[in-house]
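Reading through the structure tokens given below for one structure.
The values are calculated or read from the model by the stated rules, or taken from the named source; none is laboratory data. Since we're looking at a predicted model, the values are computed, not measured. Every residue, glycine among them, receives a Cβ derived from its backbone with ideal geometry; neighbour counts consider all protein chains shown. Please note that ligands, DNA and RNA were not included when accessible areas were found on the heavy atoms of the full protein model with its side chains. Shrake-Rupley method; radii C 1.70, N 1.55, O 1.52, S 1.80 Å.
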Amino acid sequence: MIKGRSLRFRMMVLFCTVVGVLLGASYLAFWGLLAHEVSGQLNRQIQETARPILADFAAEPNSQDINRMDIAGQFFELLDSSGHVLQRSKNLQAPIDLKGIGIPASQTRFGIATLATGESVRTALIPFQQGTKPLVLAIAIPTFGTNRVLDSFGRVALFLFPVSLLVTALISAVYVGRSLAPITALTEHAALMADRVTNREGFWRPLPISSPHDELGRLAETFNHLLESVDRAVRQLRQFVTDASHELRTPLSVLHGETELMLSKPRTAEEYRETLCVFDDEFKKLTRIVEGLFTLSMADAGQLHLVCDPLYINETLEEACALVDFRARAKNIRIVRDLNQEIPYFGDEAFLHQLFLIFLDNAIKYSPCGANVQVTLQTREGEIRAAFADRGVGISSEHLPFIFERFYRAAPASSGDAQSGGLGLAIAQAIVRAQGGSIECESTPGAGSTFTVVLATTQRYQSMSEITPKRKLILH
């Protein structure tokens with residue numbers, strides 16, 4: 001709140017300073033224009049007064065009219081070319097003090113002079129010819145009225161200037177307060193969410209959006225998207241840590257129990273061998289979980305680097321089927337292959353091998369004893385499609401959107417998933433995405449599931465001759 005008030009104060013000071021400078025400059029400019037206009041008006045008035053006098057001198061060169069003139073508020077002198085007074089009006093007690101206004105030779109010259117009484121007058125020196133003799137007519141008008149106008153304007157400006165600044169400050173306070181109100185609300189809401197980070201139910205709550213079409217509204221929407229993504233990531237991280245801890249705890253508990261049992265009393269060599277076999281199985285489970293987590297972490301960081309080589313994808317899939325054949329026979333499951341078509345591909349053989357093993361293991365695991373697992377490979381419309389169909393428990397529609405999430409279990413506990421780490425499909429999806437492909441799933445509860453790996457047909461190796469050396473290396 002202190003920072004918010006400080007920002008508001010700084011904005012008010014900045015706003016008032018800018019407005020004050022503009023107001024001051026405006027007042028000065030207006031005063032200058034007014035003074036110029038008043039002076040111009042006096043000059044025009046003097047010129048209008050001089051016209052009939054000059055006409056009279058032209059008609060009567062020896063006229064002494066100026067000596068007889070006594071007009072209130074107007075003063076007249078007739079000067080020679082050197083500035084000596086030849087005539088002056090009766091209302092002048094002494095010559096006008098021209099204060100350095102030079103005697104013009106041809107053009108009218110205006111300036112401020114002073115009377116003997118100390119009064120300032122606006123004076124015009126108008127040169128003219130009387131026969132061959134150059135003369136100058138001096139006409140003066142008091143500036144008291146004009147000075148009073150300018151002084152009045154100055155006093156009004158001095159009064160209005162602080163009043164304008166005060167009104168500006170009040171308006172800026174209201175405007176800045178209203179402008180910063182959404183930012184203050186966003187800040188308070190963000191601080192509240194920061195306090196909720198440790199809340200298990202999640203910290204994200206939508207930020208208030210007062211005006212969705214202005215900059216602050218778009219900023220709030222952006223923050224909402226950002227915070228929602230962060231909240232989702234935090235939730236996933238918490239769930240990941242929880243699930244990973246649970247998965248790692250099970251084999252560790254088995255190892256701990258077997259160790260205590262083995263050390264409780266002397267054992268025969270056969271008993272030690274059986275316990276070591278249990279250790280080996282649990283260590284393999286731990287290895288699979290850790291390697292799966294490592295693969296997924298590399299995929300999340302965008303560092304799942306593929307070592308792509310030319311290969312026949314049907315041979316890679318055939319090798320994977322051969323590796324799981326022993327486990328399939330243990331459940332009397334027959335793997336029916338349709339892999340007769342040789343399909344060249346450019347990819348990472350190790351990752352493809354792991355990918356196919358994941359789907360084959362799941363198909364065997366969730367199929368009942370004596371069932372068949374269908375494995376087909378074909379090309380269609382520029383795509384390579386490897387399908388794995390089982391006759392297992394199937395996956396209900398509400399589970400399908402989540403089956404590729406880590407540690408998500410769609411199958412019931414009785415389905416034989418006790419050994420599953422919940423990472424297989426997540427790893428498979430990471431591998432397929434790294435290869436630029438996708439995975440499709442069709443499932444009917446109680447009837448089985450079909451997973452289809454879709455990969456783009458390799459354009460680099462179109463002919464069999466280009467890939468023959470690699471095929472021979474694989475076969476030998």
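Treating r as the C-beta distance of THR108 and PHE159 and R0 as 30 Å, the FRET efficiency rounds to 0.20. Per-residue ellipticity at 222 nm computed for the chain from its helices equals -19000 deg cm²/dmol, with DSSP H segments shorter than 4 residues left out and the rest contributing -39,500 (n - 2.57). Taking label points 7 Å from Cα along the Cα-to-Cβ direction, ASP97 and CYS441 give a separation of 10.7 nm. Against the chain, whose longest principal axis is taken from its Cα atoms, helix 313-330 shows a tilt of about 50°.
Scaling against 2.2 N^0.38 Å puts the C-alpha radius of gyration of the range 310-410 at 1.12.
Ranking LEU160, LEU352 by solvent-accessible area of protein heavy atoms (1.4 Å probe, all protein chains present), from largest to smallest, gives LEU160, LEU352. Summed over the residues of the chain and divided among them, the accessible surface reaches 59 Å² per residue at a probe radius of 1.4 Å.
Close Lys pairs in the chain (alpha-carbon distance under 23 Å; sequence gap of 8 or more, or different chains): 6. Each residue of the range 390-401 was assigned a 3J(HN,Hα) from its phi angle through the Karplus curve 6.51 cos²θ - 1.76 cosθ + 1.60 (θ = phi - 60°); the sequence is 10, 10, x, 6, x, 10, 6, 4, 6, 8, 4, x Hz, with glycine and proline shown as x.
Separation of the range 43-65 from the range 146-172 is 43 Å, based on Cα centroids. Ordered from highest to lowest accessible area with the whole protein assembly present and a 1.4 Å probe, PHE346, PHE388 read as PHE346, PHE388. Atom-type composition of the exposed protein surface of the chain places 59 percent of the accessible area on carbon and sulfur (1.4 angstrom probe).
Stokes-Einstein at 25 °C, 0.890 mPa s, Kirkwood radius from Cα pairs: D for the range 84-127 in µm² s⁻¹? Walk me through the numbers before you get to the answer.
Values: Rh = 11.2 Å.
The calculation lands on 219 µm²/s.
The phi torsions of the range 213-230, fed into the Karplus equation with coefficients 6.51, -1.76 and 1.60 and a -60° offset, translate into couplings of 9, 9, 5, 5, x, 5, 5, 5, 4, 4, 5, 4, 5, 5, 5, 5, 5, 5 Hz, rounded to whole numbers, with Gly and Pro shown as x. Ordered by solvent-accessible area of protein heavy atoms (1.4 Å probe), largest first, the residues PHE9, PHE76 come out as PHE9, PHE76.
Rounded to whole numbers, the Karplus 3J(HN,Hα) couplings from phi for the range 21-26 are 4, 5, 5, x, 5, 5 Hz, using 6.51 cos²θ - 1.76 cosθ + 1.60 with θ = phi - 60°, and x at Gly and Pro. Once all protein chains are placed together, SER179 keeps about 40 Å² accessible to a 1.4 angstrom probe.
The range 329-365 and the range 218-235 have Cα centres spaced 41 Å apart.
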